[in-house]
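Have a look at the structure below before the remarks.
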Amino acid sequence: MQSPISPAVAVAMPDAPIFDPRAFRLGDEQAAIIAAARQLGQAVFAGRAAEYDRNAKFPTENYKDLHRAGLLGIAIPKKHGGLGADYQTYAIAAAEIGRYCGATALTWNMHVCSTLWSGPLTDDLDMDAATRAEHEARRAAHYRRIVEDGAIYSQPFSEGGAAAAGGVAFGTEAKPTKGGWIVNGKKIFASLSGHADYYGVLCTEIAEGEKASRRNTLYLAIPAKADGVSVVGDWDPLGMRGTVSRTLIFKDVFVPEDAALMPRGVYFQAAMRWPHMFLTLSPTYVGLAQAAYDFTVRYLRGEMPGTPPVKRRMYPTKQIAVAQMQIKLEQVKAIWFQAVTEAGPNPSKEQVLRAYAAQYSAMEGASEIATLAIRTCGGQAMLKSLALERIYRDSRCGSLMLPWTAELCLDRIGREALYESGETDD
């Protein structure tokens, strides 16, 4: 097992945790992993974030530090050399990273999901003994690359249609061939493009004469250097610029059988029975919400580095705005913490609706808090020399994140609250 972060990166004035371990009843091992992420974020990642954003540059140096700290393997089981964190622990640690560098947290999520989905999540699903043994052997190879070599995995999802939202089968196709598959397709907004060592691609297995079906979704780790893999297009977005989410092309790419991150049929089972697997983009935005609040308090107290030590806290309008931000932040934290705490297989209808509501609250709440922070702090908050301008832009992107965009969450909450399974108005 790799050790959490070295005390060498400890900071003189450490930030308080977003979720106090005692108040939120976190175990000592959980708290240590989360504290490691927070210390690394505050001491190292925060200072690099502006450059990554300005240049739309992937945070390569941060990934080297994540590897040294053992955090690339945060969700890898201990028996495979990882930290063995559960869903809740990972989610809170990711929020702490997002507090200091949104692009690092969001891309780290894509990497960690390859281990979370193939690890503790898959362990909760149904497989016969032979399939489980085969999966155990395959994932051990993937985990070894991460723990020993610092290999980075990504998770390209979107294709420009309804597949990423779960409406239809993925258009990227894998045709069976001797020893594996031939993959053809395209993924857009593919974070880590050109920087991951393996692309964890969701694609549809198509046998001769068969129609595409979501039930036949495969989850394959395709080597970035494999013949037929290319990265195209530019990346110059409003926010989350360091994710480098360019377009991935797969043209007649041979993928061996041992590249599978999940056995046949297991991804579809997971999507149906473990829906909280799609909530893992939200921690970044919980962290951004906290960051916007932290900035505002320090700025109004005259304690923000890079600005004159002028206090603005005595004005009632500023005090009311901070109160509104604090209330919104606590609302976001409360529903989100409950949702990530109860994540697991076969959730109740109430738990699924709460997960949608938590996603919506985190994504919209981060933007609302950052918007209020800009207005409250005033003109200097618009300057790119200060972090709030970047936090504001990064926070605007959350509502667009598939598979649970803000619009889709509202649609599903309204429909599923009013209809039981199988009900119609006919």
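The values are calculated or read from the model by the stated rules, or taken from the named source; none is laboratory data. On a predicted model such as this, the values are computed, not experimentally measured, just so you know. Glycine gets a Cβ as well: all are built from the backbone with ideal geometry, and neighbour counts include every protein chain shown. Areas reflect the complete protein model, heavy atoms only, side chains present, ligands, DNA and RNA absent. Shrake-Rupley method; radii C 1.70, N 1.55, O 1.52, S 1.80 Å.
Over the stretch 306-384, the ratio between the Cα radius of gyration and 2.2 N^0.38 Å evaluates to 1.46. When you filter the trypsin sites (Lys or Arg not before Pro) in the stretch 86-189 for DSSP loop state and at most 11 other Cβ atoms inside 10 Å of their Cβ, you are left with 178.
Relative to the current alpha-carbon distance between residue 232 and residue 310, full extension at 0.36 nm per residue lengthens the span by 23.3 nm. A simple rule links phi to the HN-Hα coupling: the Karplus curve 6.51 cos²θ - 1.76 cosθ + 1.60 with θ = phi - 60°, which for the stretch 282-296 gives 6, x, 3, 7, 5, x, 5, 4, 5, 4, 5, 5, 4, 4, 4 Hz, with x for Gly and Pro. Percent relative contact order of the stretch 301-405, based on C-alpha pairs within less than 8 angstrom and at least six residues apart? So the answer I get is 22 percent. Of all DSSP-defined beta bridges confined to the chain, some 85% are antiparallel rather than parallel. Taking θ as phi - 60° and the Karplus parameters 6.51, -1.76 and 1.60, the scalar couplings of the stretch 269-275 work out to 4, 5, 4, 7, 9, 10, x Hz in sequence order, x denoting glycine and proline.
Residues whose amide H lies under 5 Å from that of residue 154, counting only those 5 or more places away or on a different chain, are 198, 199, 200; hydrogens are built 1.01 Å from N in the peptide plane. Shape index of the stretch 198-251: Rg/Rh, with Rg the Cα radius of gyration and Rh the Kirkwood radius from the inverse mean 1/r over Cα pairs, equals 1.08. Per-residue Karplus couplings for the stretch 385-400, computed as 6.51 cos²θ - 1.76 cosθ + 1.60 with θ equal to phi - 60°, are listed in order as 6, 10, 6, 5, 4, 5, 4, 4, 5, 4, 5, 6, 8, x, 5, 9 Hz, Gly and Pro entered as x.
For the cross-link pairs 187/384; 187/349; 64/333; 225/251, which exceed 20 Å when the distance is taken from alpha carbon to alpha carbon?
Details: 187/384 31 Å; 187/349 32 Å; 64/333 30 Å; 225/251 13 Å.
Pairs exceeding the cut-off: 187/384; 187/349; 64/333.
From helices alone, the chain scores -14000 deg cm²/dmol at 222 nm; the rule is -39500 (n - 2.57) for each run of n ≥ 4 DSSP H residues, then divide by the residue total.
Projecting the Cα atoms of 308, 397, 378 onto the dipole axis of the stretch 279-407, where Lys and Arg carry +1 and Asp and Glu carry -1 at the beta carbon, places 308 farthest toward the positive end. Using alpha carbons only, how many angstrom separate the centre of the stretch 174-234 from the centre of the stretch 105-137? Their Cα centres are 18 Å away from one another. Contact order for the stretch 121-224, expressed relative to its length and based on alpha carbon pairs under 8 Å spaced 6+ residues apart, stands at 26 percent.
Rolling a 1.4 angstrom probe over the chain with all protein chains present gives an accessible area of which 53% lies on carbon and sulfur atoms.
When only alpha carbons are used to place a centre, the stretch 301-345 and the stretch 236-286 end up 31 Å from one another.
The GluC sites (Glu not before Pro) of the stretch 168-243 that DSSP puts in a loop, and whose beta carbon has at most 16 other beta carbons within 10 Å, are 208, 210. Looking at the chain, the accessible area is 43 square angstrom per residue; that uses a 1.4 Å probe and ignores ligands, DNA and RNA.
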